[in-house]
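First up is the structure itself, then whatever we jot down about it.
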There are 2 protein chains.
Amino acid sequence: MIPTFITRNKQIILYGIALAFLIILLKWLELRFIIMDRQMDIYVGLIAVVFTGLGIWLALKLRKPKIHTVIVEKEVFTTNNQDFIVNENELRKLNLSKRELEVLQLMAGGLSNQEIADKLFVSLNTVKTHSAQIFEKMEVKRRTQAVEMAKRLSIIP
Amino acid sequence: MIPTFITRNKQIILYGIALAFLIILLKWLELRFIIMDRQMDIYVGLIAVVFTGLGIWLALKLRKPKIHTVIVEKEVFTTNNQDFIVNENELRKLNLSKRELEVLQLMAGGLSNQEIADKLFVSLNTVKTHSAQIFEKMEVKRRTQAVEMAKRLSIIP
DNA sequence: ATCAAAATCACCCTAAAGTATGACTTTAAA
DNA sequence: TTTAAAGTCATACTTTAGGGTGATTTTGAT
């Protein structure tokens, strides 16, 4: 990221200027007070304090902020769940064949066995066989139960 | 928070110890090299570097991390949509009686007419009469269609 | 008190759904 | 290529669902 780079460079430039200014300040102080043995402690202490402050400022300015990301999961309830996602896991568990799933989907649409047969271009008996297989695999007794279960398991919308 | 307090105090104590150690180091250096005007710069520079480092370390240790809260909207697929809201509007339109709605709800649960009759303590014929009324009012032919429609209209979960 | 709607139940009949079994073909995998 | 699963269809039978009609009782509103 280019803006981040510029920002960081600016900081370094600022630090350089500050450092230069501090050196000048030190030289000035050196000339002002004739440094004696006794005054040495105060001078060194001052330098220590100033540079500690500089270090703190530096660290605060240059360091990338520690971003402690708190992810808050917010539940979004979709009233009209048009973007229905099939629960592939449950679907696999049921072990329904392609044709059986088709029949189940049409069942859920409220179609009769005859209507399903017409739609799939097969005989009524075939649909009955499929539905019998579906009920066995889903461990239900009626088509209404099969549909109810399929919806609950998110196999059909 | 008490642990946070202790932690912060520990840091201050450590800083104090470090500071004391540095002062001792400075005194030792002071005695070691007879500080001359020329050596002064080096000495001061060393102090500046050390205390800048100390300041940086201090800031890094003591500063509270910036907490960046990211709210992520996550779609939650509730298998048991307990917070189901009945579409009173559609329900009124259908003009179903109390009993008819009960039968419809049990139908949606995949129950047979006989099972519904047992659950409501009425005869099978009564359930048939009710269901016939339901189909007429909903303008459907089968119970599967009635259930499908009722779910679509948010009359039942 | 009256009246209509709701709720109850019965009988008969048909349609649809579901069960059981067997057989044949197609398809995909070992 | 063999083999199992899937898909197809049929026949016979049982169960459940649904349609039509009529009747009685309960309930709530005017």
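Bear in mind these aren't lab numbers, they're just calculated from the coordinates by the rules spelled out. Here the structure is a predicted model, which means the values were calculated and not measured. Please note: Cβ atoms are built from the backbone with ideal geometry, for glycine as well, and neighbour counts cover all protein chains shown.
Brief remarks on what is shown
- Cross-link pairs beyond the 27 Å C-alpha cut-off, checked among A:K93/A:K141; A:K93/A:K128; A:K93/B:K119; A:K128/B:K119; B:K93/B:K128; A:K137/B:K137: A:K93/B:K119; A:K128/B:K119; A:K137/B:K137
- Spatially, region A:113-157 and region B:120-134 are offset by 25 Å when compared through their Cα centroids.
- With its label point defined 7 Å out from Cα along the Cα-to-Cβ axis, B:R92 lies at 4.8 nm from the matching points of the other copies, in increasing order.
- Copy-to-copy label separations for A:T126, where each label sits 7 Å from Cα toward Cβ, in nm and ascending: 4.5
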